[in-house]
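Undergrad: Have a look at the structure that comes next, please.
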Amino acid sequence: MYGKNEMTLGEAIRAYLKAMGLDKKLKERNLVNSWEEVLGKSVASATSKIYIQKQVLFVHLNSSVVRHQLQMMKSGIVDALNRKAGEILIRDIVFK
């Protein structure tokens, strides 16, 4: 149905984001936004700030108890978040 140089709007947007180097940032933002979905409401309510830098997820928490629990589950959390993203976006997590 499409000619040689034709593509859907969605394909064009994805190609543009990739060409501009924004596709990774968009995926990272989506991953940060899925924090509550992956870890639950109680963990999300104890989270004050979350961001990714150089494949490291930084999570600021306002509960030392939650911080300790998450620290013990760190590798499982990394795996769950990367599964959610469909690719390896983070390699480590720092809980503050």
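The values are calculated or read from the model by the stated rules, or taken from the named source; none is laboratory data. All figures in this text were calculated on a predicted structure; none of them were measured in a lab. Methodologically, a virtual Cβ is constructed for each residue, glycine included, from the backbone with ideal geometry; neighbour enumeration extends over all protein chains shown. Calculation scope for accessible area: heavy atoms of the full protein, side chains included, ligands and nucleic acids excluded. Shrake-Rupley method; radii C 1.70, N 1.55, O 1.52, S 1.80 Å.
Undergrad: Just list whichever of LYS18/LYS41; LYS24/LYS54; LYS18/LYS49 have alpha carbons separated by over 22 Å in the model shown.
TA: Pairs exceeding the cut-off: LYS18/LYS41; LYS18/LYS49.
Undergrad: Only bridges with both residues in region 47-96 count here: give the DSSP antiparallel percent, nearest 5.
TA: Antiparallel: roughly 60 percent of the beta bridges in region 47-96.
Undergrad: Given the chain, report the % of alpha carbon pairs whose separation exceeds 22 Å.
TA: 37 percent
Undergrad: Cross-link partners among aspartates and glutamates for LYS74, C-alpha distance below 20 Å, same-chain residues fewer than 8 apart left out?
TA: GLU28, GLU36, GLU37, GLU87, ASP92
Undergrad: Additional query: So with the 1.4 Å probe, I'd like the accessible area per residue for the chain, rounded to whole Å².
TA: 70 Å²
Undergrad: Here's another thing I want to ask about it. Send over the semi-axes of region 8-61's equivalent ellipsoid, whole angstrom and largest first, taken as the square roots of 5 times the C-alpha gyration tensor eigenvalues.
TA: Each semi-axis is √(5λ); the values are 28, 13, 6 Å.
Undergrad: Find the relative contact order for the chain and round it to a whole percent, using C-alpha pairs within less than 8 Å whose residues are 6+ positions apart.
TA: 25 percent
Undergrad: With the full set of protein chains in place, find how many percent of the accessible area of the chain is carbon and sulfur; take the probe as 1.4 Å.
TA: 55 percent
Undergrad: Sorted by packing (mean other beta-carbon atoms within 10 Å per residue), highest first, where do 64-70, 6-12 land?
TA: 64-70, 6-12
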